[in-house]
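No lab work stands behind these numbers, since they all come straight from the coordinates. Only a predicted model underlies this, so the values are computations on that prediction, with no experimental measurement involved. Here the Cβ positions follow ideal geometry from the backbone for every residue, glycine too, while neighbour counts run over all protein chains shown.
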Amino acid sequence: MMGTPAQSVVSDDIENLRHHAYRIRRNALLMGEVQGQGYVGQALGIADVLAVAYCRQLNMRADDPEWEGRDRFLLSIGHYAIALYAALIEAGVISADEIDNYGSDDSMLPMSGMAAYTPGMEITGGSLGHGLGIGVGMALGLKRKNSGSRIYNLLSDGELNEGSTWEAVASAAHWKLDNLIAIVDVNDQQADDRSSTVLNYEPVADKWQAFGWETWRVDGNDLTALVEAFDQAVNSTSDKPRVLICDTLMGRGVPFLESRDKTHFIRVDENEWSLALQQLDEVYGISAEEQS
Ligand SMILES: Cc1ncc(C[n+]2csc(CCOP(=O)(O)OP(=O)(O)O)c2C)c(N)n1
Ligand SMILES: [Mg+2]
């Protein structure tokens with residue numbers, strides 16, 4: 001029976017993360033409702049990854065987001081800002097009161113991620129293909145300072161179209177950046193079409209591996225698989241940079257959004273935000289009383 005307590009700790013852990021992921025999705029929908037539109041599909045798709053990163057993995061201090069010893073989480077994809085805000089709110093870095101200001105003038109939550117505006121937003125992303133290069137420089141700098149902090153970089157499958165991404169992939173391996181963990185959101189979507197239709201990215205895991213990265217490919221909506229992959233990436237003793245290639249589903253957790261064809265930028269009718277929130281509660285088995 002030796003394994004039983006450990007297993008129940010693990011399942012408690014997953015249950016907690018499931019709740020965090022639910023709240024991240026909910027925060028994102030509430031922000032979408034404020035503006036009536038947004039990159040909500042991405043936030044719903046990446047919420048499980050962010051729950052594991054922000055509610056389990058990152059070494060950080062919610063009340064001191066610039067603490068020198070922190071792990072840095074770089075969001076290359078500025079349009080995913082709504083997803084990161086939702087996670088920063090859940091992690092206690094940003095107050096939930098800010099949700100109502102999402103996207104308005106002078107808000108700390110602008111629609112595209114900008115470092116100067118938002119606590120916990122490490123870089124200004126949005127000109128795609130630069131996050132990993134910045135990550136390489138930061139990881140190298142931290143190593144030279146003998147810091148134990150890690151750099152995480154969340155990038156998208158659309159960013160795999162950028163030559164600058166692959167320059168960064170090559171240099172990270174060259175510099176043996178074992179403190180760098182890339183996370184690729186493979187949702188097979190981008191602005192113009194399916195990513196695989198615009199420019200085939202497969203075999204994506206083989207490519208990163210051939211460049212000298214330790215590589216995991218996981219279902220990015222499976223919390224247990226994510227926890228395992230994050231743990232292995234963090235605990236590996238190799239001198240290679242690490243990448244978690246996460247297959248995700250845009251709109252995950254809200255069935256009427258999951259089944260949409262075009263999910264890059266979502267607009268729904270005014271009354272459909274409450275439908276989205278209601279469907280999310282149904283998917284998670286949360287009753288109206290629990291919510292209030
Ligand atoms: C260098 C650069 N080229 C083009 C754009 C315009 N753009 C904004 S989002 C986007 C789609 C990128 O793909 P991905 O991040 O995979 O899209 P998603 O999964 O969010 O639909 C594009 C082309 C940009 N921001 N930067
Ligand atoms: Mg994409």
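What angle, in degrees between 0 and 90 and rounded to the nearest 10, separates the Cα long axis of helix 272-284 from the longest principal axis of the Cα atoms of the chain? The angle comes out at about 70 degrees.
Each residue in Phe256, Phe73 was given a count of other beta-carbon atoms within 10 angstrom of its own, and listing them fewest first yields Phe256, Phe73.
With all pairs of different C-alpha atoms in the average, the Kirkwood value for the hydrodynamic radius of the stretch 42-114 is 12.7 Å. The phi torsions of the stretch 94-105, fed into the Karplus equation with coefficients 6.51, -1.76 and 1.60 and a -60° offset, translate into couplings of 10, 6, 4, 4, 6, 3, 5, 9, 3, x, 8, 4 Hz, rounded to whole numbers, with Gly and Pro shown as x. Mean projection of the Cα convex hull over all viewing directions, computed for the stretch 1-159: 10.6 nm².
Computed from the Cα positions only, the extents of the chain along the three principal axes stand at 53, 52, 37 Å, in decreasing order.
Projecting the Cα atoms of Ile82, Thr224, Val204 onto the charge dipole of the stretch 3-291 (Cβ charges, centred on the Cα centre) puts Val204 farthest toward the positive pole. Over all orientations, the stretch 201-273 has a Cα convex hull whose mean projected area works out to 6.5 square nanometres. Taking Cα atoms only, the orientation of helix 163-174 departs from the longest principal axis of the chain by about 50 degrees.
Annotation: amide H of Leu74 within the under-5 Å range of Tyr152, Asn153, Leu154, sequence separation 5 or more or interchain, hydrogens built in the peptide plane. Distances between placed amide hydrogens fall under 5 Å for Arg217 paired with Ile245, all partners being 5 or more residues away or on another chain. For Thr124, nonlocal amide neighbours, meaning residues 5 or more places apart or on other chains whose placed amide H falls under 5 Å from its own, are Ala115. Each residue of the stretch 225-230 was assigned a 3J(HN,Hα) from its phi angle through the Karplus expression (A = 6.51, B = -1.76, C = 1.60, θ = phi - 60°), giving 5, 5, 4, 4, 5, 4 Hz with x at Gly and Pro. For the chain, modelled as a GNM whose springs connect Cα atoms under 10 angstrom apart, the maximal fluctuation among Pro255, Pro241, Pro110 occurs at Pro255.
At a Förster distance of 41 Å, what's the computed FRET efficiency of Asp192 paired with Arg144, Cβ-Cβ distance as r, to 0.05? Computed FRET efficiency for Asp192 and Arg144 comes out at 0.55.
Give the shape of the stretch 154-210 as rounded, prolate or oblate, defined through the alpha-carbon gyration tensor: a ≥ b ≥ c are the square roots of its eigenvalues, a/c under 1.5 means rounded, and otherwise the shape is prolate if a/b is larger than b/c and oblate if not. Prolate, since a/c reaches 1.5 and a/b exceeds b/c. Using only side-chain charges placed at the Cβ, +1 for Lys and Arg and -1 for Asp and Glu, the dipole size of the chain relative to its Cα centre rounds to 1060 debye.
Here the Karplus curve 6.51 cos²θ - 1.76 cosθ + 1.60, taken at θ = phi - 60°, turns the phi angles of the stretch 138-153 into couplings of 5, 5, 5, x, 5, 4, 5, 8, 6, 7, x, 6, 10, 10, 10, 9 Hz, with x standing for Gly and Pro.
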